1. Among the residues of region 56-89, how many are touching a Lys or Arg at 6+ places or on another chain (Cβ under 9 Å), surrounded by 14 or more Cβ atoms within 10 Å (Cβ to Cβ) and assigned to a loop (DSSP other than H, G, I, E, B)?
2. Considering only region 123-159, how many residues are at pLDDT below 90, closer than 27 Å to Arg67 by Cβ and surrounded by 15 or more Cβ atoms within 10 Å (Cβ to Cβ)?
3. From Gly92, Gly13, grab the single residue that is assigned to a helix (DSSP H, G or I) and more than 28 Å from Tyr198 (Cβ to Cβ).
4. Being in a helix (DSSP H, G or I), closer than 22 Å to Arg86 by Cβ and of a type outside the set (S, T, N, Q), is that true of even one residue in region 139-157?
5. Out of (1) modelled with pLDDT under 95; (2) within 16 Å of Leu202 (Cβ to Cβ); (3) part of a helix (DSSP H, G or I), the odd one out for Lys170 is which?
6. Got at least one residue in region 79-102 being touching a helix residue (DSSP H, G or I) at 6+ places or on another chain (Cβ under 9 Å) and under 16 Å from Ala32 (Cβ atoms)?
7. All but one of (1) in contact with a strand residue (DSSP E or B) (Cβ under 6 Å, 6 or more places away or on another chain); (2) within 22 Å of Ile199 (Cα to Cα); (3) free of Cβ contacts under 8 Å to residues at least 40 places away in the same chain hold for Glu87; state the number of the condition that does not hold.
8. Might you check whether a residue that is under 25 Å from Leu202 (Cβ atoms) and not in a loop (DSSP other than H, G, I, E, B) occurs anywhere in region 26-49?
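The values are calculated or read from the model by the stated rules, or taken from the named source; none is laboratory data. Note that the structure is predicted; figures quoted are calculated from it, not measured. Positions of Cβ are generated from backbone atoms using ideal geometry, with glycine treated the same way; all protein chains shown enter the neighbour counts.
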Amino acid sequence: MAQQIMIVDDEPGVRALLNDTLRIAGFETVEATDGMSALTLLRTHKPDLMVIDINMPLMDGFELVERLRSSNDLTPVLMLTAREDREDITRGLKIGADDYVIKPLKSNEELILRIKAILRRSTKNTDTPTLLSCGPISIDDDQHQVTFNGEDVDLSPTEYRLLQILIEKKGRVLSKNLLLDEIWGITFESESTVVDTYISYLRKKLHRDGFEGIKTIRGVGFQIQEPK
């Protein structure tokens with residue numbers, strides 16, 4: 001069965017372009033013209049991923065993602081921004097988006113690769129151990145659950161996959177390029193700060209009660225260490 005993607009954008013031309021591109025790539029699509037319409041559509045559709053424009057009337061993309069995450073809807077989100085504005089990008093990632101693409105699209109292929117990378121890291125990997133731990137942090141992949149000293153921790157699919165890789169290879173220093181390839185599926189040399197951004201999100205959620213196990217190895221990459 002083809003995976004379904006919900007396109008949320010107020011511009012008919014953009015929706016038509018995305019619809020054609022995604023269908024050619026083998027996806028099913030449904031469309032919404034703004035955030036409110038998307039929330040209504042979600043009552044009857046359960047997409048595998050949502051492509052959400054930031055600038056829309058009635059309810060913009062930021063508010064839509066915030067509403068989804070506050071209701072514990074973890075549907076993966078790729079955001080569209082018309083400007084290469086770092087504040088927009090950082091805000092989108094911080095509230096729970098999984099990646100972003102800048103409009104106008106420079107490459108349909110890049111869009112599809114990014115979508116496939118998000119879907120891949122949002123899907124359970126049968127080769128990954130189902131139970132992982134590092135100090136107070138535990139991952140139960142069967143339940144897609146992360147706990148800190150037994151308390152549930154809410155992570156986006158991207159945060160979850162990053163933590164999973166760090167703990168799978170705990171003690172090893174992992175380069176930014178390796179993490180970009182493992183998590184995003186392709187290397188974005190000009191956008192390598194996305195790894196630093198997600199590391200900072202994990203630290204905000206997991207560096208507490210004396211645990212500070214996610215380390216930056218300057219000029220090399222990152223690692224997670226067991227508490228001493």
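1. 5
2. 5
3. Answer to the selection: Gly13.
4. no
5. It fails just one condition, (3).
6. yes
7. (1)
8. Yes, because at least one residue in region 26-49 is under 25 Å from Leu202 (Cβ atoms) and not in a loop (DSSP other than H, G, I, E, B).
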